[in-house]
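Working notes, beginning with the structure itself.
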Amino acid sequence: MTRVITRDIAFCLIAESLFGALNFTQLISQIGIYTPLTIALILLRAVVNAFLFVGGWTLANRRPQGPALARYALLASGVLTVFDVGLNLAPTMVYPWWRWQVTGGYLIYAVICIWALKNTEYRSIDPSDSQ
């Protein structure tokens, strides 16, 4: 069961990072119209999205560092979501009247994933090794 949950989390992290990359490509074309704080948050979100992808990819490939990378990426993404969506400091596609509900939902998702990955540890990187 742990293996299925880990695979699902890996899929979610990879999908989230790819959708974030699509959003970044839209925002980068208009980067000149934003304030320096907003530009910093946009660039930080791009770095966190890359971190989410690496965490999801290492989870999917059952690498020993996968659970730790995914937990830290989710933590960073949750904190950043408070600033860019919740406080509306960066452009998002979330309606302003839904921003705190979306932020709360994302934080719940991140906490559940971090909790699920807390005791996940891979002892082997050999994919043929079944646990």
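For the chain, the longest principal axis of the alpha carbon atoms and the long axis of helix 99-117 meet at an angle near 20°. Taking a point 7 Å out from the Cα of GLN26 in the direction of its Cβ, the residues of region 83-112 whose backbone N falls within less than 15 Å of it are 85, 90-96.
Between the Cα long axis of helix 66-81 and the first principal axis of the chain there is an angle of about 20°, rounded to the nearest 10. Computed from the alpha carbon positions, the gyration tensor of the chain leads to an equivalent ellipsoid with semi-axes of 30, 15, 11 Å, biggest first.
In a reduced charge model with +1 at each Lys and Arg Cβ and -1 at each Asp and Glu Cβ, the chain shows a dipole moment near 140 debye about its Cα centre. In plain terms, the chain is cut at each of the trypsin sites (Lys or Arg not before Pro) found in a DSSP loop with at most 12 other Cβ atoms within 10 Å, and the longest leftover piece is 1-117. Given a 1.4 Å probe and the protein chains as shown, PHE11 ends up with an accessible area of around 150 Å². Helix 2-28 and the longest principal axis of the C-alpha atoms of the chain enclose an angle of approximately 30°.
The values are calculated or read from the model by the stated rules, or taken from the named source; none is laboratory data. All values derive from a computational prediction rather than experimental measurement. Backbone-built Cβ (ideal geometry, glycine too); neighbour counts: all protein chains shown. To get the accessible areas, we keep the full protein, side chains included, count just its heavy atoms, and leave off ligands, DNA and RNA. Shrake-Rupley method; radii C 1.70, N 1.55, O 1.52, S 1.80 Å.
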